[in-house]
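Peer 1: Right, I'll just put the structure down here and ask away after.
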Amino acid sequence: MTIFAKILRGEIPSHIIYEDEHVFSFLDIMPLSRGHTLVIPREPAVTLDKLSEAAAAALGRALPRIARAVLAATGATAFNVLQNNGELAHQAVMHVHFHIIPKYEDGTGLGIGWGAKKLEDGAALAAAIVAKL
C-alpha cells in the first residue's frame, strides 16, 4: 500500500486542492517550490501506461485546470509538469502521479539537466512505435 492510497482513504491528512470521482490533488509536503501540487488518479496504477483510458482522460482534463489555479494563487508565471514511470525513471511512490511545480524568478522550482543526443534511425523507430499503437 502506498502513501497515496492512505491519503485517498483519509488515513493520512492532506491539503486538498481538487477532487472528483477520478482525480485527487493535494499539496506536496516536500515541495520544490511554493505551490508544488500533486495530481493523482483514484484508480490504483503504478505507471501511466497501466491506467485505464477513462482515468487518463480525467487526469488530462484536470491538469490544466489545477495548473491555472496554482499559477493564479502563487503568482508564478511558469511551471513544470513532471511525471515519472518506474524506479529507473526516479519514481518514488508507486502510484501514478503528476507534479505541478511552479518556477520562480529566483530559480526555485524544478532544475533539469537535458542530455540530448542525435536521433539515430528515426524512420525505423517511428515505424516500430506506430506499429504498436
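FYI, it's all coordinate maths here, none of it is from the lab. Note that the structure is a prediction, hence the values are computed from the model and not measured. In this analysis, Cβ positions are derived from the backbone assuming ideal geometry, glycine residues included, and neighbour counts consider all displayed protein chains.
Peer 1: Gaussian network model of the chain, Cα springs within a sub-10 Å range: biggest mean-square fluctuation belongs to which of 118, 103, 50?
Peer 2: Result: 118 has the largest fluctuation of those listed.
Peer 1: Treat every Asp and Glu Cβ in region 29-133 as -1 and every Lys and Arg Cβ as +1, leave all other atoms uncharged, and give the resulting dipole magnitude about the Cα centre to the nearest 20 debye.
Peer 2: Numbers: 10 positive and 8 negative charges, 54 e Å.
My answer is approximately 260 debye.
Peer 1: While we're here: Taking 0.36 nm per residue of separation and subtracting the Cα-Cα distance, what length does fully extending residue 57 through residue 18 add? Could the numbers behind the result be given before it?
Peer 2: Values: separation 39, 0.36 × 39 = 14.04 nm, distance 1.59 nm.
Full extension of this stretch gives 12.5 nm more.
Peer 1: Moving on to the next point. Based on the mean of other Cβ atoms within 10 Å per residue, sort peptides 127-133, 107-113 so the most packed one is first.
Peer 2: Values: 127-133: 7.6, 107-113: 11.3.
Result, highest mean Cβ count within 10 Å first: 107-113, 127-133.
Peer 1: Taking Cα pairs under 8 Å and at least six residues apart, what relative contact order does the chain come out at, in percent? All intermediate terms of the calculation are to be shown ahead of the outcome.
Peer 2: On the way: 185 pairs, mean separation 31.4, N = 133.
So the answer I get is 24 percent.
Peer 1: Oh, and also: Work out the P(r) tail for the chain: percent of alpha carbon pairs separated by more than 19 Å, whole number.
Peer 2: On the way: 4950 of 8778 pairs.
The proportion of pairs with Cα distances above 19 Å equals 56 percent.
Peer 1: Provide the gained length on full extension for the span residue 1 to residue 83, in nm with one decimal, where the gain is 0.36 nm per separating residue minus the Cα-Cα distance.
Peer 2: Working: separation 82, 0.36 × 82 = 29.52 nm, distance 1.98 nm.
Extra length from residue 1 to residue 83 when fully extended: 27.5 nm.
Peer 1: For a protection proxy built on the mean count of beta-carbon atoms within 10 angstrom, sort 75-82, 10-17 highest first, please.
Peer 2: Details: 75-82: 15.0, 10-17: 12.1.
Descending packing order for the listed peptides: 75-82, 10-17.
Peer 1: Under 5 Å between amide H atoms, partner at least 5 residues away or on a different chain: which partners does residue 23 have, H built in plane at 1.01 Å?
Peer 2: The list, which skips near neighbours in sequence, is 42.
Peer 1: Give me the one-decimal nm value for the distance between modelled label points at residue 72 and residue 27, 7 Å along each residue's Cα-to-Cβ direction.
Peer 2: Each label point lies 7 Å from its Cα, and together they span 1.8 nm.
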